[in-house]
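All remarks here apply to the structure that follows.
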Amino acid sequence: MKRFIVLSGPSCVGKGPLHTAFSNFYPELAANLKKLVLYNCRSPRPGEIDGEAYHFRSREEIEGLRKKEGFIVLDVRGDLQAVDLQEAERTLQAGDLFFEGNPFVGRKLQEAFASKVTVLSIFLAPISKEEILFLQSQERGRSLADLVTDVMRRKLLRRTQRQKNILSLKDLENIERRAASAFTELKEAWNFEYVIPNHDGEDSENWDAFYYPLGDSRKALLAFSDLVAGKASPLVEKWDERLLS
């Protein structure tokens, strides 16, 4: 039976480099994953190709897809994203379907395909369950939501600086919007079958500065590859709804 593998997490948590590392080091497993390409109204980032990263279209065009049958359209951190369900069905004919992106989109896709294929849902988190429990136990600690926002802001700043060098006001506003959304997205993790904690976001050199990923990048890669191969992994967690309530 065909599978639908959903990889979600906050912006800059490391989903993109994890998929790239998986393709590089586990090519036989990766070859059977056919990426689901969404529509997105934002502009391409450096290196992104239309039709591969996203179908980049105007906001007006994607807004118009709400009226068409077979499309899921969602507001994602101020951007509009859309899924063509018929395209997804066609992609499934060629292999296991793979989605990498926002948790709200990931959850909608789980709901849409749960009765049609086997869904393997994975959430990449910038913090571990043990760290959350520890921080919640600190009476004089900072707000966990503020901490997650700060963590993701730093990752997003470093990533954008690597991409563009000089940041515009629009870049800074985008970073702030994504960082502010991270904790709300983290609260979606319990809706996913597995959670992989990973401190190495897209800003980390641990993904590609050396021959093989190091640190949490390596652990995330091993955990993800085991799950895709149908194996148990000691590096994954299961979160329940009460953890971040």
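Annotations
- Scanning segment 149-190 for residues that are assigned to a helix (DSSP H, G or I), among the hydrophobic types (A, V, I, L, M, F, W, C) and out of contact with any Leu (no Cβ under 7 Å at 6 or more places or on another chain) yields a count of 10.
- Per-region count, segment 1-32, residues in contact with a Gly (Cβ under 7 Å, 6 or more places away or on another chain) and modelled with pLDDT of 95 or more: 6
- Sole residue being more than 16 Å from the chain's Cα centre (by Cα), assigned to a helix (DSSP H, G or I) and either without any contact (Cβ under 8 Å) to a residue 60 or more places away in the chain or under 18 Å from HIS19 (Cβ atoms) (or both), chosen from ASP146, ASP208: ASP146
- Residue among LYS219, LYS187 that alone is closer than 19 Å to ALA145 by Cα, at pLDDT 95 or above and either among the hydroxyl-bearing types (Ser, Thr, Tyr) or surrounded by 15 or more Cβ atoms within 10 Å (Cβ to Cβ) (or both): LYS187
- The lone exception for GLY16 - which of (1) under 16 Å from the mean Cα position of the chain (by Cα); (2) small (Gly, Ala, Ser); (3) not in a helix (DSSP H, G or I) it fails: (3)
- Residues that are in a helix (DSSP H, G or I), more than 25 Å from SER181 (Cα to Cα) and not basic (Lys, Arg), drawn from segment 62-115: GLY64, LEU85, GLN86, GLU87, ALA88, GLU89, THR91, LEU92, PHE113
- On inspection, ILE127 passes the criterion of being in a loop (DSSP other than H, G, I, E, B) and either surrounded by 14 or more Cβ atoms within 10 Å (Cβ to Cβ) or of a type in the set (S, T, N, Q) (or both).
- LEU156 vs. criteria farther than 30 Å from LEU92 by Cα, over 18 Å from the mean Cα position of the chain (by Cα) and among the aliphatic types (A, V, I, L, M): no
- Flag if GLU188 is among the charged types (D, E, K, R) and in contact with a strand residue (DSSP E or B) (Cβ under 9 Å, 6 or more places away or on another chain): yes
- Single condition ASP84 does not satisfy, out of (1) surrounded by 19 or more Cβ atoms within 10 Å (Cβ to Cβ); (2) under 18 Å from the mean Cα position of the chain (by Cα): (2)
- Pairs meeting the criteria (first residue in segment 57-79 and within 11 Å of ARG42 (Cβ to Cβ), second residue surrounded by 12 or more Cβ atoms within 10 Å (Cβ to Cβ) and of a type in the set (S, T, N, Q), beta carbons under 8 Å, at least 6 apart or on different chains) are ARG57/ASN40; ILE62/ASN40; ILE62/GLN81; VAL76/ASN102; ARG77/SER11; ARG77/ASN102; ARG77/SER181; ASP79/ASN40.
- The single residue among GLY64, GLY78 that is within 18 Å of the chain's Cα centre (by Cα) and surrounded by fewer than 16 Cβ atoms within 10 Å (Cβ to Cβ) turns out to be GLY78.
- From the options LEU18, LEU97, LEU7, LEU33, residue that is touching a residue at least 40 places away in the same chain (Cβ under 8 Å), within 29 Å of HIS199 (Cβ to Cβ), aliphatic (A, V, I, L, M) and in contact with a His (Cβ under 8 Å, 6 or more places away or on another chain): LEU7
- Filtered by the rule that a residue be farther than 20 Å from ARG107 by Cβ, of a type in the set (D, E, K, R) and part of a strand (DSSP E or B), segment 34-61 gives LYS34, ASP50.
The values are calculated or read from the model by the stated rules, or taken from the named source; none is laboratory data. Given the structure is predicted, the values throughout are model-derived calculations rather than measurements. Using ideal geometry, Cβ is built from the backbone for each residue, glycine included, and neighbour counts are taken over all protein chains shown.
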